[in-house]
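The values are calculated or read from the model by the stated rules, or taken from the named source; none is laboratory data. What you see is a predicted model; the values in this text were computed from it and never measured. Cβ placement follows ideal geometry from the backbone for every residue including glycine, while neighbour counts extend to all protein chains displayed. Note: accessible area is taken over every heavy atom of the protein model, side chains too, but ligands, DNA and RNA are not part of it. Shrake-Rupley method; radii C 1.70, N 1.55, O 1.52, S 1.80 Å.
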Amino acid sequence: MPMVVGVVAGVALVAVLVLIGLFKMMWRVAEPNEALIISGSKHRTEGLEEGMGFRIVTGRGTLVLPGVQAVRKLSLDLNETELHVDCVTHQGIPLKVRGVVIFKVGDDFVSIANAARRFLDQQKLMSERVHNVFAGHLRSIVGGLTVEDMIRDREKLTGQTRAACGTEMEKLGLIVDSLQIHEIEDPTGYIQNLAMPHAAAVQRDARIAQAEANRLATEAEQQSFARMAEATRDSEILQAGYQAERDKAAAKAKQAGPLADAAARQEVVVQETRVAELEAHRREQQLQADVRKPADASAYEKRTLAEAERDARISAAQAKAKETELAAAAEATRVKTAAGAEAEATKTRGVATAAATRATGEAEAAAAQAKGLADAEALRARGLAEAAAIKARAAALAENQDAVVAQQLAENWPEIVQAGASAFSNVDNMVLLNGADGMSELFAKALTMGGSGLGLARQLLSSMNRNGQGHNGRDAHGGSVASGGPVASGGSFAAPPAPDGTPTAPVAQKVPVEGGES
C-alpha cells in the first residue's frame, strides 16, 4: 500500500513537472522594448483589418501552441542612421549635408504591423532604408533652397525634411524621434566667400574701435598734460600773488608815516568840505521857502484852471460828437428803411410788369396765331374759288369756245378800246391825208382790232386746249389783249393788220411843223 501511494505520488509529481514544462514552452512574454508577432492562426486585432493572419502582443505574456503557431520578435528599440548626402542648391552650388536620424518602430499596432511586414526578417537593413528615404527628400528640399537659407534657418530645412518623409515613414511603420543637421560642407568655398564680407566688416569695425580707443587714450593723455600744466600755472600764479602781497606789505610799512600825515590832512579837508556843503544846503532851503514854493503854487493854480477848462471843452466836444453820432445812426436807419421799402416796391412793380408783359405777349401771340390762321383760311378759300372758277371756265370753253371768248371780250371791251386809244396819247399834231374819209378809215381800222383780237384769242384758247398750258402773255381773265402793232415814234403809229392777216398802209406820216418835225 505505501508503495502504491509512492508510485501515485511520483506519477503526480512527474505530471506536474510535465505540465510545468509544457506551460513554460507555450508561454511567451513580450519585453518592454519588443513586440511578439504570433502567426499560424486567424486573429483579430483592434485597429487592424480582419483576417490579417498574425497577432501582436506587447508588454504581456500569451500562450503559443508549439508546432501550430510561430513566434517572432520585433525590436522597438531606437535606431539611428548617419546622413551623408551630396546635394545641389537652388543656386547650383554643390553641398554635402551631414546629419543623423533617430527613429524607431511605432508603439501602436498599425505601425508594428507595417514594420513587421517590411522589416521582420531584415531589421538590420532598416537604417539603410531610412537613409535612402531621407537622402532623396533632403536632395529635393535643398534643391529649392539657397545656401543663405540653409545657413540662417536650419530649423526650416529640418522641418521640411521631416514633413516630407512623414508619410513614407508612416507607411514603413516608423516614427522619427529626432532629425539633426550637423554640418553643411562647401567644397567650392562659397560659404567661406559669403562670410568674407562679414569678416572684413568685423575686422574693419575692430580696427575702427582700436583707432577710436587710441584716440581716446591720446586725448586723455593730452588732457592729463594740460591739467598738469594748469596746476603748475595756478601754483606759480599763487606764488606770484603771495610775493606781491609780501612786497605790498613791505611798501605799505615803509609808507606808514607819510600816509598817516596825509590821512590827517585829508580828514581836515573833508571836515571843511562838509561844513561848506551844510552852508550851501542851508542857503538852498532858504531859497526854496522864499522863491520856489510861491512860484510852484502859482503855476499849480494856473495848470489846474487850464486842465479844468480843457476837460470842459473835451466833455462838450464828446457830447456833441455823441449827439452827431446818434443823429447819423437815426438818419442811416431811416435811409435804410426807405431804401428797403423802395426796393420792395420796385420788386413788386417789376413782378407786376413782368406778369403784364407776359400776358400781353401771350395775347399778341394768340392774336397773331388766330390772324395767321384766318389769313391762311381766306387764302385757301380764295384759291379753292379760283380753282373752281378756272375749272368752270375750262368746262365752258370745252363746250363753246366762241361764247366764252365773246363774253370775255364784252367784259373787257372798255379796256381794249382804251388800250387802242393809248396809241394816240403821245401824238401832238396829226395830219390826215384823206380828210374826213381818212378819219373814218382810221377809226374803222382801230375797231377792226377787236375782230383780230377775237381771232387771236380763239387761236390762243385752241393752243391751250392742245398743249394744256397758257401763252407767255396775259390770259383773258387779265382784262387786256395785245395790240396789233407797235406805236410809231414821233407821233405816228402803224395800222393793225387786216382781218386776213395782211399788213395795211400807214395812215399817218411825218410832216413838218413849226420849229421842228412831228
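What pairs from 104/124; 73/104; 24/73; 24/104; 96/171; 104/171 go past 21 Å between their alpha carbons?
24/104; 96/171
Charges at C-beta only: +1 for Lys and Arg, -1 for Asp and Glu. How large is the resulting dipole of segment 114-255 about its Cα centre, in Debye rounded to 20?
Its charge dipole is roughly 240 debye.
What percentage of the solvent-accessible surface of segment 113-266, computed with a 1.4 Å probe over protein heavy atoms, is contributed by carbon and sulfur atoms?
With neighbouring chains kept in place, the figure for segment 113-266 is 54 percent.
Per residue, what accessible area does segment 247-327 have, given a 1.4 Å probe and all protein chains present, in Å²?
89
For the full complex of protein chains and a 1.4 angstrom probe, list 184, 237 by accessible area with the highest value first.
Largest accessible area first, the residues go 237, 184.
Dipole of segment 55-163 (Lys/Arg Cβ +1, Asp/Glu Cβ -1, origin at the Cα centre): which of 81, 111, 69 lies farthest to the positive side?
69
Around residue 102, what is the net charge, scoring Lys/Arg as +1 and Asp/Glu as -1 over all other residues with Cβ under 12 Å from its Cβ?
-2
Express in Å², to the nearest 10, the accessible area of residue 185 obtained by rolling a 1.4 Å probe over the protein heavy atoms while all chains stay in place.
Here the accessible area works out near 60 Å².
Per residue, how much accessible area does segment 196-243 show when a 1.4 Å probe rolls over the protein heavy atoms, in square angstrom?
On a per-residue basis, segment 196-243 sits at 85 Å².
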